[in-house]
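This is the structure I have questions about; it appears just below.
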Amino acid sequence: MTGMERVLCALHGKPADRRAFTLALSLYGARLSGCPTQEYYSDPKRYLEGQRKVVRLIDPDIVFAPFALPFEALAYGGEGVWLDNFPPNVRKPPFREHETPEPLGDGLLCAPGVSYLVESTRLLALEFGPSKPVCAVATAPVDLPAMLLGIEAWLETLLFDPERAARLMDLAEEHFLRLTGAFFAAGAAFVAIPVMFANLRLVTPALLEDAVLPALARAFGQAAGPLVYHHGGNRILDHLQRFSSLPNVAGFLLDPRDSLPQARDIIGPGRLVLGNMNGPGLARMQPDKAYASVSTLLAERASDRAFVLASSHADIPFDTSPDTLLAVRRAVVDAGAVA
């Protein structure tokens, strides 16, 4: 079976020759191809070369477009930060606390970082489709204002200035729909959306119900293709029920600390659940430990056809041993078919 066929089997709850799996190896392609990270995150052809090496090494069932959310904020101005062996970042939010950014319109897709994201997605889809689904990654509409203003300023706006918050949500929704629409037009099979500002450890229940969830529902409902709700670095199990009715969400990628059996009980048997290896933790894990950990996880989910083994959090670190990644793949293969 191809990776696309395995993922579709998981999506429809059908048997497969083995468990579908993927790791967030967008950064790791720079290591495998020997490309400096600034060049790797600037030239879509170099990104494609890196992902060819990723596929050659472990043959994941899903290939990731660049996991580089800061490029979305840099489209509005500001200064990028380039560090060896890390994805790009933003030195500081491009707007001051009381400034309100203007929508970029068609200019969003012309920004260098954003055009790089879209073109990298297109090249991956041409190279690997239809045998492997390509997953692009986009900022959640409720999170973009935090990237533009800073977390504290956005939270204060949500709490005390609903009119300004609504204007920023409108901007973020337009941004989200333009970018995800471009990803789908470029050939992405689905788009992963890390969501931070829907977490009850950060926002109040009232804000979640009155502002955040309606904004997500509006934006997700207009998306041009399926989305994967990514935990965004936070546990989501205690409020997963609230997200389960969001439109166009094909599956949920859980935090490693979230319980997979409890998540399945909450969202029911038919929705994709992805996880829940700690991706950054693989850098500190010996191959035998990785093999044992993945084997245990797969044994526990053996009867769950709608489960996809995936790394949680952000990119697998640059210094992770290839032998550890190969151990993950070996555990998947050794686990056998999904009955």
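What is the sum of charges, Lys and Arg at +1 and Asp and Glu at -1, for the other residues whose Cβ falls under 11 Å from the Cβ of residue 153? List each step's numbers first, then the result.
On the way: positive: 96, 164; negative: 97, 99, 152, 156, 161.
After counting each charged neighbour, the total is -3.
A further question on this structure: Given the chain, what whole percent of its Cα pairs are spread farther than 37 Å? It would help to have the intermediate numbers written out before the result.
Details: 7489 of 57291 pairs.
Here the tail beyond 37 Å accounts for 13 percent of pairs.
Further, regarding this structure: Whenever you get a sec, line up 53, 132, 45, 14 from highest to lowest accessible area (probe 1.4 Å, protein heavy atoms). Write out the running numbers ahead of the final one.
Details: 53 85, 132 20, 45 140, 14 115 Å².
Result of the area sort, largest leading: 45, 14, 53, 132.
Which residues' amide hydrogens lie under 5 Å from the amide hydrogen of residue 190, considering only partners 5 or more residues apart or on another chain, with H built in the peptide plane?
Residues meeting the amide H criterion: 134, 136.
Hey, another quick one. Per DSSP H run of at least 4 residues, take -39500 (n - 2.57); add these up for the chain, divide by its residues and hand me the 222 nm value, nearest 500 deg cm²/dmol.
On the way: 14 runs with 147 residues, N = 339.
Result for the chain, helices only: -13000 deg cm²/dmol.
Expressed as a whole number of Å, what is the distance separating the alpha-carbon centroids of region 78-119 and region 230-285?
Measuring centre to centre over Cα atoms gives 28 Å.
Taking the Cβ of residue 198 as the centre, find all other residues whose Cβ is under 15 Å away and add up their charges (Lys, Arg: +1; Asp, Glu: -1). Kindly include the intermediate steps, with their values, before the conclusion.
Numbers: positive: 201, 218, 235, 242; negative: 143, 173, 209, 210, 238, 255, 258.
Neighbourhood net charge equals -3.
Shifting gears a bit: Round to the nearest 10 and give me the degree value, 0 to 90, for the angle of helix 112-128's Cα axis relative to the longest principal axis of the chain.
With both axes taken from Cα atoms, the answer is about 30 degrees.
Round to the nearest 10 and report in Å² the accessible area of residue 32, as given by a 1.4 Å probe over the protein chains' heavy atoms.
Here the residue's solvent-accessible area equals roughly 50 Å².
Per-residue HN-Hα couplings for region 319-332, Karplus 6.51 cos²θ - 1.76 cosθ + 1.60 at θ = phi - 60°, whole Hz, x for Gly and Pro?
Result, ordered by residue: 8, 5, 5, x, 5, 5, 5, 5, 5, 4, 4, 4, 5, 5 Hz.
Just to confirm a number: summing +1 for Lys and Arg and -1 for Asp and Glu over residues other than residue 79 whose beta-carbon lies under 12 angstrom from that of residue 79, what do you get? Walk me through the numbers on the way to the answer.
Values: positive: 91, 92; negative: none.
Its environment carries a net charge of +2.
Top to bottom by accessible area (1.4 Å), largest first, where do 209, 300 land? Please list the in-between numbers first.
Values: 209 85, 300 125 Å².
If we order 209, 300 from most to least accessible, we get 300, 209.
Output the 0 to 90 degree angle, nearest 10, between the alpha-carbon long axis of helix 44-58 and the longest principal axis computed from the alpha carbons of the chain.
30
In square angstrom, rounded to the nearest 10, how much accessible surface does residue 98 have for a 1.4 Å probe?
Around 150 Å² of this residue is reachable by solvent.
With a cut-off of 8 Å between alpha carbons and a minimum separation of six or more residues, what is the relative contact order of the chain in percent?
Working: 668 pairs, mean separation 72.1, N = 339.
With pairs under 8 Å counted, the relative contact order is 21 percent.
Okay, next question. How large is ³J(HN,Hα), in whole Hz, for each residue of region 3-18 in order, when computed from phi with the Karplus curve 6.51 cos²θ - 1.76 cosθ + 1.60 and θ = phi - 60°, using x for Gly and Pro?
Result, ordered by residue: x, 4, 5, 5, 5, 5, 4, 5, 5, 9, x, 10, x, 8, 5, 7 Hz.
Semi-axes, largest first, in whole Å: what does sqrt of 5 times each Cα gyration tensor eigenvalue give for region 173-220?
Each semi-axis is √(5λ); the values are 26, 11, 7 Å.
How large a share of the accessible area of the chain, in percent, is made up of carbon and sulfur atoms when the probe is 1.4 Å and the other protein chains stay in place?
Percent of accessible area from carbon and sulfur atoms in the chain: 53.
Might you work out the accessible area of residue 334 for me, using a 1.4 Å probe with all protein chains in place, and round it to the nearest 10 Å²?
Surface accessible to solvent at residue 334 totals approximately 90 Å².
Then there is this: So what are the ³J(HN,Hα) numbers for region 188-205, from phi and the Karplus equation (6.51, -1.76, 1.60; θ = phi - 60°), rounded to whole Hz, Gly and Pro as x?
So the Karplus estimates, Gly and Pro as x, are 4, 7, 7, 10, 7, 10, x, 10, 9, 7, 10, 9, 6, 7, 10, 10, 6, x Hz.
Once you order the gyration tensor axes a ≥ b ≥ c over the Cα atoms, which shape class does region 111-161 get: rounded for a/c under 1.5, otherwise prolate or oblate by comparing a/b with b/c? Each step should come with its number before you reach the end.
On the way: a/c = 6.16, a/b = 2.83, b/c = 2.17.
Prolate, since a/c reaches 1.5 and a/b exceeds b/c.
Considering only protein heavy atoms, with the full assembly of protein chains and a 1.4 angstrom probe, order 330, 91, 264, 242 by accessible area, largest first. Intermediate results must be reported in sequence, preceding the final value.
On the way: 330 115, 91 140, 264 30, 242 85 Å².
These residues rank, largest area first, as 91, 330, 242, 264.
Looking at the chain, what % of its DSSP beta bridges pair antiparallel, to the nearest 5?
Working: 3 of 27 bridges.
Beta bridges within the chain, antiparallel portion: roughly 10 percent.
The values are calculated or read from the model by the stated rules, or taken from the named source; none is laboratory data. Here the structure is a predicted model, which is why all the values come from computation and not from measurement. Don't worry about glycine lacking a Cβ; one is built from the backbone with ideal geometry, like all the others, and counts go over all protein chains shown. Accessible surface is based on the protein model in full, side chains and every heavy atom, while ligands, DNA and RNA are left aside. Shrake-Rupley method; radii C 1.70, N 1.55, O 1.52, S 1.80 Å.
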